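All of the numbers you see were taken from the coordinates with simple rules; none came from a lab. All of these numbers come straight from a predicted model, not from anything done at the bench. Methodologically, a virtual Cβ is constructed for each residue, glycine included, from the backbone with ideal geometry; neighbour enumeration extends over all protein chains shown.
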Amino acid sequence: MTQTRPEARTQPARGERNGRPTKRQYVRFAFYKVDPLWRRLPVDEQADTKRDLLKTIESFNRRMLLRPYSLMGTRADAEILLWQIAESVEPFQELAAAIAATPMGAYLNLSVSLLSQTKRSIYEIRDNPDEAVERLIISPSEAKYLFVYPFVKTRPWYKLSLEERQVMMDEHIRVGRKYPAVKLNTTYSFGLDDQEFVVAFETDEPADFLDLVQELRETEASLYTLRDTPLYSCIRMGLAESLDALGGPKIAQPQTQVAEKSEAWVEVCPVEEFGDSERKVVYLNGQQIAVFNVDGKFYAISNRCSHARGPLSEGAVDAESCTVTCPWHYGRFDLKTGQTVDGVVSAPVKAYTVEIRDNMVYAGIKSNE
Ligand code: FES
């Protein structure tokens, strides 16, 4: 079957894959610590302020990927991390302002904020060349722990030739491969924030991470590290659970209730704001969903291609066959079902239900799906 090629793009490329543009993502790690005065409020007020904050933060799920973590018991200077991933920097500013405007915001100190962007690595990853490009997209795993730190190299590192640095990076990558249970997310901060990189490791095995960091100290590249602290050890949990870990009455629902409530929806936008042939990306349960308007009919599928996580929202849509072609290797998917149609793809992507309610487009999962 003939493959549909992506349409020409007018926006400037900020990342490239085989000459094809791919957008970078913005990333922010915001660490908060609650003022002890909040713990002296009447319990009803503690519960109300937590619920209000929960609602405010959750209202941003449509605009960014938001991952909450607790640092209670792991750090003295931070108690909650909100790991934020978005397509532009503005949602971070708006979320920070919205949090500050809540009653609990008056008791929340922003201990540290690390801003960065995804970027293709300049080094070759010889055993997986696609990895350099895949790093353009942050796709958090289900791992229980996250270890985050700002990272700065010494200036002599940048005086070395690319070949010399590549040799050292090869050694660095070789050591990393010995710890497959540890997933690395490297993002870039040059000119955006004080550090040069923000490094975030996900794992279910903190002992593996400890061993990896210790072994990396013995590599040659380590000689060129200027700063790699403070290190934040974070425990993944739901937002309500993270707020409950701060103290006060519990607001998180018992797990049994959560399991029964498997239905989940996210607002996309009012119908009149969704132009024909337009695509929008929203976030639900930590996953990116691409929503398409094809001749006035709406479809929603996972935004990440099942082949190598290419962004399907940037693919070419064929209205007649109701399919989208991934911009990375041209795998094609049915927009109604998420099933593969042709190309290199062999696994389907998740299809979501779209509903229009009161003129608002919603994408989501029905309880029987
Ligand atoms: S990422 Fe390879 S076809 Fe989509």
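Couple of notes before you dig in:
- Computed from point charges on the beta carbon alone (+1 for Lys and Arg, -1 for Asp and Glu), the dipole magnitude for the chain about its Cα centre is near 360 Debye.
- Of all the options P91, P42, P230, the one that moves most in a Gaussian network model of the chain with Cα springs shorter than 10 angstrom is P42.
- Per-residue ellipticity at 222 nm computed for the chain from its helices equals -6000 deg cm²/dmol, with DSSP H segments shorter than 4 residues left out and the rest contributing -39,500 (n - 2.57).
- Spatial separation of Cα centroids for the stretch 192-253 and the stretch 335-358, in angstrom: 34 Å
- In the chain, taking the dipole from charged Cβ atoms about the Cα centre, the farthest positive-side position among V294, Q25, Q214 is held by Q214.
- Start at zero, step by 10 Å, and the Cα-Cα distances of the stretch 33-90 spread as 19, 42, 32, 7 percent across the bins.
- Each residue of the chain gets 160 Å³ once the volume of the Cα convex hull is shared out per residue.
- Fully extending the segment from W265 to A207, taken as 0.36 nm per residue of separation minus the present Cα-Cα distance, adds 17.2 nm.
- Across the cross-link table entries K23/K280; K119/K153; K33/K250; K280/K336, which are compared at the Cα atoms, there are no separations over 21 Å.
- For the stretch 261-365, averaging the sequence separation of C-alpha pairs within contact (under 8 Å, six or more residues apart) and dividing by the residue count gives a relative contact order of 27 percent.
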